[in-house]
Structures are given as C-alpha cells and as structure tokens.
Amino acid sequence: MGIQIDSVSVNGLGPISSIQWGFKDINLIYGKNEQGKTFLVEYILASLFKNAPKTRHLTDSGQVIVSGIDGSAQIFNPKTKKKIEDHLLSPGNASIDLARLCVVKGGELSMTSVPGGTVTKSILKEYLSDQTTLDKILERIPTVVQKSSWENEVIIPSRKVGWIKSLEKAKKNLEKINEMLLEIDQKYSQGQVKKATIELESVKEKVKQQERAKRAYAYQLSTQITALQEELDTIPEEWIEKAAASVIKVDNLQIRLQRFIEEVEELEPKVENYPWLKAAVEECERRPEALEKEGTNLFVILAVLSVVFTIAASFFNPYISLGTGSLSLLFVFLAMRQFQANMKDKGDRQEVKRMYTEFESRFEIKVKSIATLKSNLETLQEDFHTVNNKKQEITTLKLELSQAQAEMTRDLGLLKQENLDEYSALDLIDHAKERRNRLLKHLQQSQVNLAAANVPPEEYLNETIETEFSASTLKQLEEDLRSLEETISNENKNLDLLKQKACAQTEDDMVISWEVLIENLRTMQEQALEECISLNAQITGGIFVTEVIADLRKQEDEHIYNALASKNMVDPIKAITPAYTGVELEDKELIVFNDMQRFPLSDMSTGAKEQVLLALRIGLAAYVLGSQKMFLILDDAFQHSDWTRRERLIDEMVVLAEKGWQIIYFSMDDHIKSLFEKRVKPKMKERCQIFELIK
C-alpha cells in the first residue's frame with residue numbers, strides 16, 4: 001500500500017466552520033467561490049510540505065493524517081516541524097521539492113512556470129537533483145574564474161579580466177597606498193606644525209572668550225544707548241529750538257518796542273505845537289477878509305485928484321469938468337466904502353496878527369501869510385500821525401511782549417531739569433544745548449562703538465563675563481591667529497606636493513587636514529587589504545567550487561539519464577500514454593519515443609503533451625520515492641483544458657488510482673464534478689468519494 005492521506009479535520013478555517021473527512025483512493029472536493037476550497041488546499045499543503053505557500057491565516061485547530069510512512073500513520077498540521085519530506089527523502093535528495101511533484105495547481109500540468117514552456121534538462125534537474133542549486137552557484141562565479149586554476153598556492157588566471165583584473169588592480173592600489181603612507185612617515189614631521197597648531201588652538205580659545213566678552217559688551221552698549229535715547233527724549237531738540245525762538249522773539253519785541261519809544265520821544269517835541277497850529281489855521285480860515293492886506297486909500301487919492309482936476313477943468317472947459325466931477329463923486333463914494341470896510345475887519349485882523357505873532361514865537365519862523373502856517377501844519381501833520389501810530393504800535397508790542405514772555409517762560413520751564421533760576425534765559429538754553437549735545441555725543445559714540453563691535457542683536461549676551469572686552473586685545477589676538485595660520489601655511493607649503501599626491505590617492509580636497517587625510521589613507525589601506533583578501537578568497541573559492549561542481553555535474557547527469565530509463569519512469573508513460581514507451585534526453589531537450597518513432601516533447605499536440613507530462617510527474621515522484629505510490633493533489637488542474645481533454649484526463653486519474661496512486665482533486669467547476677459522477681464513480685464505486693463545501 002502507498003502513502004495516502006487518510007483524513008483531514010479542521011475547525012474555524014476561513015469560511016469552513018468544521019469538517020472531518022476520511023479520504024479514499026480517488027476524491028473530489030467541490031466548492032463554489034468563497035466556500036473555503038483555497039483555504040483547505042493551503043492548509044493541507046502547509047501541513048505536509050516544507051515549501052508550501054501561505055497566503056492566508058490558517059487555523060491551529062486541525063490535523064492531516066497520512067498513512068504508509070515508516071509503516072505507521074503520521075499526524076501533520078501547519079505547525080508541525082517535521083514535514084513529509086523529512087520522512088520520505090534521503091539526505092542526498094533532501095533539496096528536492098516534493099510538493100512540486102505531488103501538487104498541481106490551476107492547470108500547471110507543464111511542470112514549468114513559463115507559459116507554453118517545455119520540459120528541458122534544467123527542468124528535470126529541479127525535480128531530480130541539486131543540479132539547479134549547483135547551476136545557481138556556478139552562475140555567480142565569473143567565467144574567467146571558472147577557467148582559472150590554483151597551483152602552488154598561486155592563482156593562475158586564464159585572462160586578466162573581471163575578478164582577476166579587479167584583484168590585480170586592488171593589489172596595485174594597496175601597494176601604492178603602502179608606499180604613500182611610508183613616504184608620509186618618512187617626510188612628514190608635525191613638530192613645528194603641531195607646536196603652532198597647539199598655540200593656534202590656545203589663541204582661538206582666547207579669541208572665543210573675547211568674542212563672548214564682545215557680545216556682552218554689545219549688550220551693555222545697547223542698554224546704554226536705550227537709556228541715553230530716553231534721556232535725550234526728555235529734552236528734544238525742537239523744545240530747545242522753540243525756547244530759543246521764544247527768547248529771540250522776546251528780544252526782538254523788546255528791541256522794536258524800545259526803538260518805537262525812542263522814535264516817539266524824538267518826534268513828540270516836534271509835534272507838541274501841532275494841535276495849536278491846527279486850531280490857529282482853522283481860526284484864520286474862518287476870517288478870510290482879515291487875511292487880506294489892509295487897503296491903500298487909493299479911492300481917497302483918486303477922489304482928491306478928480307476933484308482938483310474938475311475944479312481946474314471948470315476953468316477951461318465946463319463940459320470936461322462935468323465929466324470929471326461925476327468921476328470925482330464915484331471915487332469919493334468908493335473911498336467911503338473902503339473906509340467903512342477897513343473899520344469893520346480891524347478886530348479880525350488884530351486876531352490873525354496875534355496868531356501870526358504867536359506862530360513866530362513858537363516856531364521862530366517869519367509869517368508872510370497863512371500859507372506859512374499851512375505849510376508848517378502839513379509838515380507837522382505827517383510827524384504827528386507817525387507819533388500816534390507808533391504809540392498804538394507800542395501798545396500792541398507791549399501786549400505781544402507780555403504774551404511772548406509768558407510763552408518763553410513756559411518753554412524755558414520745559415528745559416529746567418535742575419534749579420537754574422539764577423541763570424538767564426540764554427544761559428538756560430545754552431545749558432540745555434550743552435547737556436543735549438553731551439548726551440548726543442555720548443549716544444553717538446556708543447552707537448559708533450556698537451557698530452564697530454559688529455554684533456547682531458540676536459547675538460547679544462546678557463551675562464556677566466569675567467573677561468573684559470578689549471578691541472585692541474581682540475585685534476592683537478586676531479593678528480596672532482593670522483600669524484600662526486600663516487606659519488602653519490608656510491610649513492604646509494613644503495608638504496603640499498606630498499599632500500597633493502595623497503589627496504589624489506584618497507580623492508580628498510586639498511583643504512583637508514593632515515590628520516584626516518592620514519586617517520583616510522589608513523582607512524583606504526584597510527579597505528584595499530580587505531578587497532585583496534576578499535577578491536583572492538572569492539577567486540580561490542570560485543576555482544575550488546568550479547572543480548567540485550564539475551565533478552558533481554557528471555554524477556548528476558548520469559543520475560538524470562538513469563532516472564528517465566528506470567522502470568519507475570517507463571511504467572507511467574506506458575500506462576497513461578499507450579502510444580509511447582519511454583522518454584530520454586537528447587542534448588538538453590526531452591524526447592518521447594516508441595519502437596517506431598521519436599518526437600520532441602515541444603512538437604507534440606497539447607493533449608498528448610499533457611498526458612506525457614502527467615506520466616512524467618508520476619514517474620519522477622515514484623523514482624524519488626523509491627517506487628512507492630503516493631497521493632496527487634490537483635487544485636483545478638484541468639480547468640484550462642477543453643471538455644474532450646477533460647474526459648481523457650479524468651479517465652487517466654482512474655488509471656492512476658488503479659495503479660495505487662491516491663487522487664485528491666479540488667474543483668469549483670460543475671463540469672468536472674459531473675465528469676467525476678459519470679465517469680469515475682461508476683468505475684471506482686466505493687473507492688471514490690465526493691465532498692462538497694457548503695457554508
């Protein structure tokens with residue numbers, strides 16, 4: 001009796017709540033989608049085989065019982081450490097994937113994962129030996145190494161390419177690095193450079209302390225500037241200017257007022273007679289007749305003369321005397337009228353004369369007529385009005401001066417930061433200016449010092465620093481720093497050529513320090529040595545492995561040829577494909593033959609090829625198991641076959657079952673189920689069983 005799965009029992013496996021099934025020679029497990037068929041397949045495979053795929057969570061409750069192993073039944077589950085390969089395969093065949101022989105999934109009858117691919121020598125190696133493992137190992141060994149040899153502990157390369165070339169390059173690189181390090185040890189002396197470097201570090205530390213002190217100094221200056229600005233804000237320049245303007249305004253007003261007063265005092269004596277003169281002119285103008293000159297008695301003289309002439313004419317010509325007599329009467333009349341008028345204006349003339357006399361007394365000017373009075377009146381009138389206007393302006397200026405003095409007092413009061421009552425306004429302003437200038441100068445100097453410190457506000461340091469900042473000290477330290485750096489630079493110039501060669505070796509920049517450069521060379525030396533050791537080991541190992549694999553290949557090729565010619569391989573071929581009697585390898589291709597013909601497997605029809613491959617799978621399994629019959633698990637293996645081929649393949653399952661192989665077929669295909677019911681059940685009767693998965 002062969003190796004068979006007696007029973008499967010699981011609880012809580014995906015959609016399967018619980019099953020306990022006992023298997024017979026040929027079994028169909030039917031279930032639609034989502035009924036748990038795939039869960040059950042994976043559970044069985046994970047329980048039995050080492051390399052079974054696990055894509056789903058499998059239950060811990062269940063078991064698979066297999067009989068025919070070591071004469072007893074064995075219990076398996078997914079957590080069983082010892083799988084069926086451990087029981088059946090010898091140590092020499094331990095790497096064979098038994099699941100690939102005994103399990104066919106989803107129409108994979110071809111035995112190869114390549115769609116449409118045929119079975120070749122390399123495919124058979126995967127099933128019958130470790131040859132594929134050896135091939136994979138050999139693929140990782142370059143051809144140049146495979147063709148090289150090892151003699152007297154020395155690699156004899158076939159060609160200097162690939163790993164061999166890399167080893168030669170690594171050796172030269174290591175030699176070059178060793179020479180470079182030796183040259184550095186011989187030529188590079190850090191005595192002077194090291195001393196200067198130590199001193200440089202000391203100076204750098206002092207510079208660092210000064211820099212911190214400078215940051216603290218900058219903070220102090222910033223605080224001082226803020227305080228000075230606040231104090232300056234208490235005496236704004238515009239206040240001083242305003243107070244000065246107020247003082248100047250008061251002074252100007254006082255000067256104007258004094259000038260007007262002096263002008264008035266100067267003009268007042270001149271215009272003090274102006275009211276009298278104005279009244280005198282008005283009085284005189286009210287007596288216009290009195291202003292005229294007193295008559296000359298012309299009419300009296302004419303009257304006397306005409307009378308004398310009339311008398312004389314009466315002696316000579318009475319007619320003429322008559323005319324002259326009339327004229328005499330007229331002159332007498334006019335003389336009398338003139339006399340009467342003179343008598344009437346005598347008082348006004350006396351008054352006018354008095355005014356003229358007083359004018360002459362007041363002004364010491366001889367009066368010729370009233371025109372003299374009027375002329376002087378006009379002259380005095382302008383000065384008189386000027387005096388009055390200036391008196392009005394004096395009144396206005398006094399008011400403005402009073403207001404300006406009040407404003408000056410208020411403005412000066414803003415500047416009185418201390419008791420300065422004894423000082424004059426200008427002194428007070430000068431004191432305020434001096435104080436503001438002193439603060440401003442202090443502020444500006446602090447700002448200059450802060451700017452000279454060149455410390456950004458975010459770097460101000462509000463700490464008490466023991467080191468006192470000194471710009472001259474910092475400057476001297478910086479000069480010392482530059483001097484030391486120059487000294488080191490000059491010393492290093494003598495080593496630049498050597499350093500350049502070393503940097504070319506390490507691919508470092510010339511600015512790198514000697515310490516780091518030497519460290520990098522040491523690192524490269526270690527890496528180069530490791531590379532040489534590694535490449536030497538790889539090449540040596542590759543040569544040895546190649547020699548061993550060559551011997552193993554000869555043995556494995558003989559093993560494959562013997563397997564194909566064995567009874568275990570021939571019997572399934574004859575049973576499943578009556579038209580053919582065996583298979584063999586010709587070069588790397590599988591040939592199917594009978595007594596009359598030979599066909600490459602790749603040239604056969606799909607149906608014939610499927611029969612040969614199924615028989616080949618059975619034969620390979622029997623060969624590996626030492627003629628033992630086993631179980632075949634087919635997970636919808638025929639789903640891609642047409643209906644006619646399905647019938648033939650189903651019939652072949654019956655043949656295999658008759659030969660002692662247990663068949664376990666999983667399907668969701670109603671046609672497959674129907675074929676089992678129509679073509680298998682009647683032939684196998686009680687040896688056939690159909691299970692159905694139902695939620």
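In the complete set of protein chains, residue-level accessible area for Ile164 is approximately 10 Å², probe 1.4 angstrom.
If you take the beta carbon distance between Glu272 and Glu400 as r and set R0 to 30 Å, what does 1/(1 + (r/R0)^6) give as a FRET efficiency, to the nearest 0.05? With R0 = 30 Å, the Cβ-Cβ based efficiency is 0.60.
Could you tell me the calculated FRET efficiency between Arg598 and Ser72, based on Cβ-Cβ distance and R0 = 35 angstrom, to the nearest 0.05? The formula returns an efficiency of 0.20 here. In order along the range 434-447, the Karplus-derived 3J(HN,Hα) couplings, from 6.51 cos²θ - 1.76 cosθ + 1.60 at θ = phi - 60°, round to 4, 5, 5, 4, 5, 5, 5, 5, 4, 4, 4, 5, 5, 5 Hz, and Gly and Pro are given as x.
Residues Leu28, Leu481 ordered from highest to lowest accessible area at a 1.4 Å probe: Leu481, Leu28.
Could you sort out which of Lys588/Lys629; Lys136/Lys609; Lys32/Lys588 sit more than 31 Å apart by Cα distance in this structure? Result: Lys32/Lys588 exceed 31 Å. Within the full protein context, the accessible area of Ile301 is estimated at about 90 Å² for a probe radius of 1.4 Å. Bridgeable lysines around Lys208 (alpha carbons under 18 Å apart, same-chain partners fewer than 8 residues away excluded): Lys475. Taken one residue at a time, the phi angles of the range 30-36 give Karplus couplings (6.51, -1.76, 1.60, θ = phi - 60°) of 10, x, 6, 4, 6, 9, x Hz. Gly and Pro are set to x.
Here the gap between Leu497 and Glu677, fully extended at 0.36 nm per residue and compared with their Cα-Cα distance, gives a gain of 55.5 nm.
When you restrict to C-alpha pairs under 8 Å that are six or more residues apart and normalise by the size of the range 534-601, the relative contact order lands at 16 percent. Only lysines eight or more places from Lys501 in sequence, or on another chain, were considered; those with a Cα closer than 17 Å are Lys172, Lys176, Lys187, Lys493.
Within the range 541-606, what whole-number % of the accessible surface is contributed by carbon and sulfur, with the 1.4 Å probe and all protein chains included in the calculation? Carbon plus sulfur share of accessible area: 52 percent. Given a 1.4 Å probe and every protein chain left where it sits, what share in percent of the accessible area of the range 431-525 is carbon and sulfur? On the range 431-525, the fraction of accessible area on carbon and sulfur atoms equals 46 percent. When you restrict to C-alpha pairs under 8 Å that are six or more residues apart and normalise by the size of the range 138-285, the relative contact order lands at 9 percent.
Could you provide, to the nearest whole Å², the per residue accessible area of the range 550-643 with probe 1.4 Å?
Details: 4310 Å² over 94 residues.
Computed with neighbouring chains in place, this is 46 Å² per residue.
Only protein heavy atoms count here; on that basis, with a 1.4 Å probe, Ile75 has an accessible area of about 100 Å².
Sort 377-383, 47-53 by packing, meaning the average of other beta carbons within 10 Å per residue, with the highest value first. Walk me through the intermediate numbers first.
Working: 377-383: 14.4, 47-53: 18.0.
With the highest mean Cβ count within 10 Å placed first, the list reads 47-53, 377-383.
In percent, rounded to a whole number, the relative contact order of the range 587-695 is 20, using alpha-carbon pairs under 8 Å and six or more apart. Take the Cβ-Cβ distance between Glu459 and Ser361 as r, set R0 to 60 Å, and report the resulting FRET efficiency rounded to the nearest 0.05. It comes to 0.05. For the peptides 458-466, 364-372, the ranking by packing is 364-372, 458-466, with the highest mean count of neighbouring Cβ atoms within 10 Å listed first. Annotation: peptides 667-674, 67-74, ranked by per-residue average of other Cβ atoms within 10 Å with the highest first, follow the order 667-674, 67-74.
Over 22 Å between Cα atoms, which of Lys574/Lys659; Lys24/Lys50; Lys37/Lys673 qualify? Check vs 22 Å cut-off fails for Lys24/Lys50.
Figure note: Glu515, Glu393 ranked by solvent-accessible area, largest first, 1.4 Å probe, ligands and nucleic acids not counted: Glu515, Glu393. Taking a straight line from the alpha carbon of Lys171, these aspartates and glutamates sit under 13 Å away, with near neighbours fewer than eight places off in the same chain left out: Glu179, Glu526, Glu530, Glu531.
The values are calculated or read from the model by the stated rules, or taken from the named source; none is laboratory data. Note that the structure is predicted; figures quoted are calculated from it, not measured. Virtual Cβ from ideal backbone geometry, glycine too; neighbours counted across all protein chains shown. Surface areas here come from the heavy atoms of the whole protein model, side chains and all, with no ligands, DNA or RNA. Shrake-Rupley method; radii C 1.70, N 1.55, O 1.52, S 1.80 Å.
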